[in-house]
1. Counting residues that are within 23 Å of ALA80 (Cα to Cα) and touching a residue at least 24 places away in the same chain (Cβ under 8 Å), which strands (runs of 3 or more DSSP E) fully inside the stretch 99-188 reach at least 2?
Amino acid sequence: MRPVPGFALLAAALALIAGDASAGGYRCLGGARLLPDGHCSDGSIAIYEATPLTPERPADRSPSPPGPDRRVAPRPASLASLYGAWSTVVPGAVWQSPSAIPGWSTLHISPGALAGLLVIYPDGRYVWNAYGGKRGQWRRSGDPEFPILLDDRAERRIWKVGPNIRQAGRIYIVESNGYFYYEGRRAH
């Protein structure tokens, strides 16, 4: 294939796209016609209209008979595996909300932030350098998923600490109501 300069490249790309009837095509508004170089005859910008796609569904939608439950319960974390220093972060998030324009949504992206070092000592103490620093006592929870409870007297919260069973060397720190959480990884 030979190199194609400037507008000729755009025209070639438009021809490839417009030539595929399944993908849609470009058109001009107000009666203007689409020129071979991709512009409209009245100088306006060509609009691309995609052909709506319909999902293909398999002919047989009958459910398969249930098989044996192969899920494996997570191994309870040992308290000793949670002792030590952890670099904590508020994880990033992506969500949508309704827009002021009917039929549109607004996409919000939050990148996350560093939250400080959490040190859990075997003697029942902890220090967490998040938001000005917290220190206090921790206790056993009796919950195998979150075996440690951090008593945060500064914010009057209880934080549950447990391993991330999908990634070794990582933890979750979840507020007792479940609305706020942090992630941690072993500090080096």
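The values are calculated or read from the model by the stated rules, or taken from the named source; none is laboratory data. Bear in mind that the values here come from a model prediction, so they are computed numbers and not experimental data. Every residue, glycine among them, receives a Cβ derived from its backbone with ideal geometry; neighbour counts consider all protein chains shown.
1. Because the criterion is at least 2 residues that are within 23 Å of ALA80 (Cα to Cα) and touching a residue at least 24 places away in the same chain (Cβ under 8 Å), the strands (runs of 3 or more DSSP E) in the stretch 99-188 that meet it are 113-120, 125-128, 148-152, 157-163, 170-175, 181-186.
This table checks each residue for (1) in contact with a helix residue (DSSP H, G or I) (Cβ under 7 Å, 6 or more places away or on another chain); (2) among the β-branched types (Val, Ile, Thr); (3) at pLDDT below 90.
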{"residue": "VAL94", "(1), (2), (3)": "no, yes, yes"}
{"residue": "GLY112", "(1), (2), (3)": "no, no, yes"}
{"residue": "TYR126", "(1), (2), (3)": "no, no, no"}
{"residue": "PRO147", "(1), (2), (3)": "yes, no, no"}
{"residue": "ARG153", "(1), (2), (3)": "no, no, yes"}
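For every residue, the table says whether it meets (1) at pLDDT below 70; (2) part of a loop (DSSP other than H, G, I, E, B); (3) under 30 Å from ILE148 (Cβ atoms).
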| site | (1), (2), (3) |
| --- | --- |
| PRO36 | no, yes, no |
| ARG57 | yes, yes, no |
| PRO65 | yes, yes, no |
| PRO68 | yes, yes, no |
| ARG71 | yes, yes, yes |
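Listed here are the residues, each with its yes/no results for (1) surrounded by 14 or more Cβ atoms within 10 Å (Cβ to Cβ); (2) within 13 Å of GLY184 (Cβ to Cβ); (3) in contact with a Lys or Arg (Cβ under 6 Å, 6 or more places away or on another chain).
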site	(1), (2), (3)
THR88	yes, yes, no
SER97	no, no, no
ILE101	no, no, no
ILE109	no, no, no
VAL119	yes, yes, no
GLY124	no, no, no
LYS134	yes, no, no
SER141	yes, no, no
GLU145	yes, no, no
